[in-house]
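Here's the structure, in structure tokens; my notes come after.
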Amino acid sequence: MSKTTTVPETQSQVEATDSTAILGFWAYLMTDCVLFASLFAVYAVLHNNTFGGPAGGQLFSLRYALGETLILLTSSFTCGLGMLAAYQHKLRQVRAWFAATFVLGASFLALELHEFAHLASTGNSWTRSGFLSSFFTLVGTHGLHITIGLLWIIVMMVRTRRGISRSSLRKLTMFSLFWHFLDVIWILIFTIVYLLGVLKV
Amino acid sequence: MNDDHPRHYQNMLLGYIAGFVFSIILTLEAYLLVVNHTFSHHILIGVVAGLAVVQIVLQLLFFLHLGSETKPRWRLLVFCFMSLVVGILVIGSLWIMGNLNYRMTPQQVTQYLNDQGGGF
């Protein structure tokens, strides 16, 4: 398979021949949604079990979470722009947009890890209460997905050094589905954990 | 429309921009409503939840291109099945949480056990 030239394929040509693989990845993504749904269900059950400790509203900075949300949202946007460039075979734009996606995603992850570290260092780690156990599991699982996504970007950046092969285009498509889906999950986390937490629901 | 046509990618670009802008607006709106506690408690929860649902739908349409495939719409079908499973999970959890002794204080639990003639 040629890796040195960009293969002229239209989006629908790619989708027609790779549709099975992409559908398979989409099916995996849907099972990931079910996984997160179960984590949300656990959080719903445990979120008031603070064992005498602080609840979400007392621990979360809404402004901080808003910042994380906007950063991740922008990374989803740059990812979309990267895919548009990929279908039009504009290699340098592709790499630029996915580099931007990586920087934004890494910023999000850094902010999240900072929040986790702060919680843990002030005695509010996942061992403190059922609420915090479920919080760290839910948000941590999302963060783990983000981390894997970042590693995936690095791999794709290496693979697209000299051009975008057919298989790379397919994998970039799969990655973009993965990254958009992570942003959707984060909207749910921001709403249910942070916004409703501050509202003491 | 043949998607070699630049119009196709222009439309996609507009879709991404629209999805992005609307998502920002909806996010900021939810944030501001909560921070300013604009509505009463229960209404605020409903509005915030509604904003989230709208944003998710927009992102599904504009970013994940849900529903834009040609027939047979397998992706849509798999998505609908996932929604069914998640719906059962969510509604079932809420149902159970509403029904069990989940909402009882320790004193209520003791009282309940005494009423049942139980306890240890």
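The values are calculated or read from the model by the stated rules, or taken from the named source; none is laboratory data. Predicted model, so just to flag it, every value in this text is computed and none were measured. Positions of Cβ are backbone-derived with ideal geometry, glycine not excepted, and every protein chain shown enters the neighbour counts.
Observations on the model:
- Residue check for A:VAL139: more than 13 Å from chain B (Cβ to nearest Cβ), in a helix (DSSP H, G or I) and touching a Phe, Trp or Tyr at 6+ places or on another chain (Cβ under 9 Å): yes
- Within this structure, A:GLU115 fails the test of being assigned to a helix (DSSP H, G or I), within 14 Å of the chain's Cα centre (by Cα) and among the acidic types (Asp, Glu).
- Scan of the stretch A:49-66 for residues that are in contact with a helix residue (DSSP H, G or I) (Cβ under 7 Å, 6 or more places away or on another chain) and either β-branched (Val, Ile, Thr) or under 23 Å from B:HIS37 (Cβ atoms) (or both), ordered by number: A:THR50, A:ALA55, A:GLY56, A:GLY57, A:LEU59, A:PHE60, A:LEU62, A:TYR64, A:ALA65, A:LEU66
- Scanning the stretch B:34-49 for residues that are within 9 Å of another protein chain (Cβ to nearest Cβ) and touching a helix residue (DSSP H, G or I) at 6+ places or on another chain (Cβ under 9 Å) gives B:VAL34, B:VAL35, B:HIS37, B:LEU44, B:ILE45, B:VAL48, B:ALA49.
- Scanning the stretch B:50-73 for residues that are loosely packed, with under 15 Cβ neighbours inside 10 Å, within 10 Å of chain A (Cβ to nearest Cβ), of a type outside the set (S, T, N, Q) and more than 16 Å from the chain's Cα centre (by Cα) gives no hits.
- In the stretch B:24-49, residue nearest to the chain's Cα centre (by Cα) [restricted to those that are crowded, with 16+ Cβ neighbours inside 10 Å and of a type in the set (Val, Ile, Thr)]: B:VAL48
- Output for the stretch A:64-84, where each listed residue is among the small types (Gly, Ala, Ser) and either buried (at least 20 other Cβ atoms within 10 Å of the Cβ) or facing another protein chain (nearest Cβ under 8 Å) (or both): A:ALA65, A:SER75, A:SER76, A:GLY80, A:GLY82
- Scanning the stretch A:86-128 for residues that are of a type in the set (Gly, Ala, Ser) and surrounded by fewer than 21 Cβ atoms within 10 Å (Cβ to Cβ) returns A:ALA96, A:ALA99, A:ALA100, A:ALA106, A:SER107, A:ALA110, A:ALA117, A:ALA120, A:SER121, A:GLY123, A:SER125.
- Among the candidates B:LEU100, B:LEU84, B:LEU113, the residue that is at pLDDT 95 or above and either more than 7 Å from every other protein chain (Cβ to nearest Cβ) or surrounded by 16 or more Cβ atoms within 10 Å (Cβ to Cβ) (or both) is uniquely B:LEU84.
- Restricted to helices (runs of 4 or more DSSP H) entirely inside the stretch A:1-112, those with at least 1 residues that are modelled with pLDDT under 95 and under 27 Å from A:GLY197 (Cβ atoms) are A:11-46, A:56-59.
- Test: residue in the stretch A:171-178 that is within 21 Å of B:PHE63 (Cβ to Cβ), crowded, with 19+ Cβ neighbours inside 10 Å, away from chain B (no Cβ under 14 Å) and polar (S, T, N, Q): no
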